[in-house]
Every structure is written in C-alpha cells, then in structure tokens.
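Let me begin by presenting the structure, written as structure tokens, before commenting on it.
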Amino acid sequence: MEQTVDSKQRSSILSQTTNPIIRKLSKLDETSEASVTYAGIAGKCGFFLVMIAVGVALAVVLQSISPMTMSVEGELVTFSVPAAAAAVVCGLIFIIMPLLAVTLHRTIPVTGSLFCISAGYLVNFMGLMMPSYQPLILLAFVLTVATVTAMALLYSKGVVRVTKKLRTVITTLFLSTIAGGLLLLICALVPGLRPVAALFVGDPLVSIGISVVYVVIAALFLLVDFDEMQRMVERRLDIKYEWVAAFALCYSVIWLYFKILDLVIKASEASKKK
C-alpha cells in the first residue's frame, strides 16, 4: 500500500474523504489476537443484507393492509395508511440511526440493523406505491451490484491505489458538489437569481449530469472504504470493530444505490419527455 502520507497529513485527508462511520477507527490502536478479518466483515455485511431484506418484506406486508388505489397525474398509485405511517417512521430512522452509529459504535448491531431495515422498506414501499418505478428500482440494484463489484476488483487487483492524490480528487469533487448545492439554494432564495437556479434544476441534461457526478463520488468513496478495511486487518484491530467496518461499507453501498436510483429515475423521466 501507498505509505507516502505522514500521520498528520493522513489524518487531515481522512477527515474529509473517509466514511464518517469508519473515520474514527483510523485513530484507534486496540490490537488483539482476536482481530478483524475479511471473513468476519463479510459475514456481518451479510447480516445487514438480511436486514435490508426484512425491510423489503415488511413493506409488502404493510402495503397489503387495506390498500387503496387512486390516480395521481394519470398514474395508478396504491396507498395503504399503515404502510405510509411506517414509511414516515422509517424515514426518521434512516436519518437518525447513522448519526447514532457515528457517535456510539457499540450500538451498531442495533442502529445498523434499523438503518438497513428502513432502507429496504423505503425503497420497496416506493415501488409498491408506484408500480412504474419497479423496473427502475431493479435496474438501480443491478447497476449498484455491478459498480461495487467493479470497484472491489479494481482495488483488490491494485489497478487503482488509494493515494494522497486520489483522496484529494475525491475531496475536491465532494466539496465542489456541496458548494454547488449551496450556491443553487442561494440562487433559489434570491428573486433576481431564481432564473439561474431554474436553469440548472429544470434542465434534464444538467440534472442528469449532476447525478452522474454524485454516482462517481459514491463509487470512489467505496475505494477509500476498502483501503481503510485493509488497514484495519493489517493493524489487527480488535474483532469488535468488524461491526463498524461492515456497517460502514453497507452505508456506502446504500448511499451509492440511492444515487444510482436517482440517476435512473431522472434519465427515465427525461426520455419520456422527448
């Protein structure tokens, strides 16, 4: 691995480019004979995948309770009050649980499970409500699996190395998207600048281009996560941190999935308008 970055530089870079859930692990030195392993991380990732499946199944069950069908802008939408109420709760869980996981690593088996259940629920709930979105949800899943597999192969084969330069590129892209979003928000709030915001938000090609950038950033973050996990194994960090590493990876994959889903939906809507 690249070792040209000294400890202070690396700490500064990590503070900007590493998944927030795994970031604190770079500062730990809790070595143990029972240490982190790739198999252990993979097994716990499998557990979180099962939790996502639980969320998907829960959406099916609740959506089947007293469903009502209505037409919204010419599209049939299936609505269930219990399912909609659960979606609101899951939305709150989806936001809150990662924050708890960042501050309280020991809660990750619980907070991580709730986060994954809520993610699975929200995606399937959207598909069940709007059947026309179901093919897009499936396509986003396939593209996410392909992207994760490609990133894992690129990293494991040494084709891409997580160097200081790459971290700087990721940081620049990430901060640029944040700055751009804030700039658009300011333009939308200032009456004289609203046409500028409308130009970016209303133009399908610009919107799709922005989504592509987000997908690229999410994919690059996976490389950084892989690098941090390799360092955890090499440093023989205590086995209890396998939960942290597994959830950090699942968090990145879920984030990537939602970005790809957003891109697929925008591309589909743009094609319909032609």
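Helix-only mean residue ellipticity at 222 nm, the chain, DSSP H runs n ≥ 4 weighted -39,500 (n - 2.57), per residue, nearest 500. What is it?
Computed ellipticity for the chain at 222 nm equals -26000 deg cm²/dmol.
Write down Rg/Rh for the range 127-214, rounded to two decimals, with Rg from the C-alpha atoms and Rh from the Kirkwood relation over Cα pairs.
Value, to two decimals: 1.10.
Nearest 10 degrees, 0 to 90: what angle lies between the long axis of helix 134-156 and the longest principal axis of the chain (Cα atoms)?
So the inclination is approximately 20 degrees.
Just the accessible area per residue of the chain, please: how many Å² with a 1.4 Å probe?
Accessible surface, normalised per residue, equals 53 Å².
Could you grab the relative contact order for the chain? Cα pairs under 8 Å, six or more apart, rounded to a whole percent.
Rounded, it is 33 percent for the chain.
In whole angstrom, how far apart do the alpha carbon centroids of the range 141-189 and the range 223-274 sit?
When both Cα centres are located, 11 Å separates them.
Using +1 on the beta carbon of Lys and Arg, -1 on that of Asp and Glu, and nothing else charged, what's the dipole of the chain about the Cα centre, debye to 20?
The calculation lands at about 500 debye.
Let me know the volume per residue of the alpha-carbon convex hull for the range 87-161, in Å³.
109 Å³
From the Cα gyration tensor of the chain, with a ≥ b ≥ c the square roots of its eigenvalues, which class applies: rounded if a/c is under 1.5, or else prolate if a/b is larger than b/c, or else oblate?
Oblate, because a/c is 1.5 or more while a/b does not exceed b/c.
Note down the Stokes-Einstein diffusion coefficient of the range 177-274 in µm²/s, whole number, using a Kirkwood radius over alpha carbon pairs, 4 °C, and 1.567 mPa s.
Answer from the Stokes-Einstein relation: 81 µm²/s.
Would you mind working out the magnitude of the charge dipole of the range 30-176 relative to its Cα centre, with +1 at each Lys and Arg C-beta and -1 at each Asp and Glu C-beta, to the nearest 20 Debye?
My answer is approximately 660 debye.
Roughly how many percent of the accessible protein surface of the chain is carbon and sulfur, given a 1.4 Å probe and a whole-percent answer?
72 percent
The values are calculated or read from the model by the stated rules, or taken from the named source; none is laboratory data. These numbers come from a predicted model, not from an experiment. Note that we place each Cβ from the backbone using ideal geometry, even for glycine, and neighbour counts take in every protein chain shown. When the accessible area is computed, the model is the full protein with side chains, heavy atoms only, and any ligands, DNA or RNA have been set aside. Shrake-Rupley method; radii C 1.70, N 1.55, O 1.52, S 1.80 Å.
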